[in-house]
Amino acid sequence: MIAEEVAKVNPALVLPDQEGKPYSVRYEAVNAMLLNEFLKKHRKVAELGLVSRLLRFYLRLGAALANIVGPMTDGAQEPEDLTRLFVQRANNRDARGLAELYESNAVLAFPSGQMTVGLEAIRRLYEQKLAKVPRFEPEEPLPTLRNGDLAMTSTRRRDGKGIRVQAVRRQPDGSWLRIIDWPEPPVG
């Protein structure tokens, strides 16, 4: 009866009788088969252990790098980062990168007295402006006002003619984007 059950699982482990029916189990073959299965599973576990150790190593390495160089993103992690990123991208003549600092339906109050709305229009405006401006310099930041996921950032203009003001919003990923940018408000 045991031979019949074993034959259902693996006929090679059973010796047949004269009529070809399962008669006896080849126990010496069972041991070899079990050892082979054990070795296969052991290799798989060892591979998984190696993968697990490598994964832990890369996670620790990533955390260490983040502590050294900061978050692995070129987005604004704080509202104040937008001004620094603006200057960097403007000096790299990156109109597309500048537009990426704005939400899709953002409003840029520029040129003076006009409204430029949406990423594509903002990108085109910066392409034109970047061709005419030799270099942007960082300006003195004023205190940021925050209310939850909204903030107002501002800088004192280098020419002494007032301030630049931006309303920004925290995005679902934690980064910040401009929603309203007023680089040259009237001085009154």
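Derivation of every value follows stated rules applied to the coordinates shown; laboratory data play no part. Given the structure is predicted, the values throughout are model-derived calculations rather than measurements. We place every Cβ from the backbone using ideal geometry, glycine too, and count neighbours over all the protein chains shown.
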| query | Charges only on Cβ, +1 for Lys and Arg, -1 for Asp and Glu: so what's the dipole of region 8-60 about the Cα centre, in debye to the nearest 20? | reply | 580 debye
| said: Using +1 at the C-beta of Lys and Arg and -1 at the C-beta of Asp and Glu, which of Gln114, Pro134, Leu82 has the Cα lying farthest in the positive direction of the dipole of region 81-182? | reply: Pro134
| request: With a cut-off of 14 Å, note down the residues of region 26-50 whose backbone N falls inside the zone around a label point 7 Å from the Cα of Arg60 toward its beta carbon. | output: none
| query | Seen from all sides and averaged, what is the projected area of the convex hull of the Cα atoms in the chain, in nm²? | reply | 20.5 nm²
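Using the per-residue mean of other Cβ atoms lying within 10 Å as a proxy for protection, in what order, highest first, do the peptides 95-103, 33-41 fall? Each step should come with its number before you reach the end.
Details: 95-103: 19.4, 33-41: 10.4.
Averaged packing, sorted descending, gives the order 95-103, 33-41.
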| request: Taking only Cα atoms and a 10 Å spring cutoff, compute GNM fluctuations for the chain and point out the largest among Pro141, Pro79, Pro22. | output: Pro22
| Where in region 99-114 does the label zone of Leu150 land, with the point 7 angstrom along Cα→C-beta and an amide N cut-off under 20 Å? | 102-109
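Averaging sequence separations of C-alpha pairs under 8 Å and six or more residues apart, then dividing by the length of region 2-69, give the relative contact order as a whole percent.
Values: 33 pairs, mean separation 12.4, N = 68.
Across region 2-69, relative contact order equals 18 percent.
Sort 80-88, 172-180 for me by packing, meaning the mean count of neighbouring Cβ atoms within 10 Å per residue, highest on top. Present the calculation step by step, with values, prior to reporting the outcome.
Details: 80-88: 18.3, 172-180: 16.1.
In decreasing order of mean packing, 80-88, 172-180 become 80-88, 172-180.
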| query | Among all the lysines, which ones have a C-alpha under 30 Å from Lys41's C-alpha, if same-chain residues fewer than 8 places away are not counted? | reply | Lys8
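So how do 43-49, 13-19 stack up, highest first, on mean other-Cβ count within 10 Å? Can you show the working numbers first?
Details: 43-49: 10.0, 13-19: 12.4.
Going from most to least packed, we get 13-19, 43-49.
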| query | To the nearest 10 degrees, how steeply does helix 119-130 sit against the main Cα axis of the chain, on a 0 to 90 scale? | reply | 60 degrees
| said: Give me the extension gain from Glu37 to Arg124: residue separation times 0.36 nm, minus the current Cα-Cα distance, reported in nm with one decimal. | reply: 24.8 nm
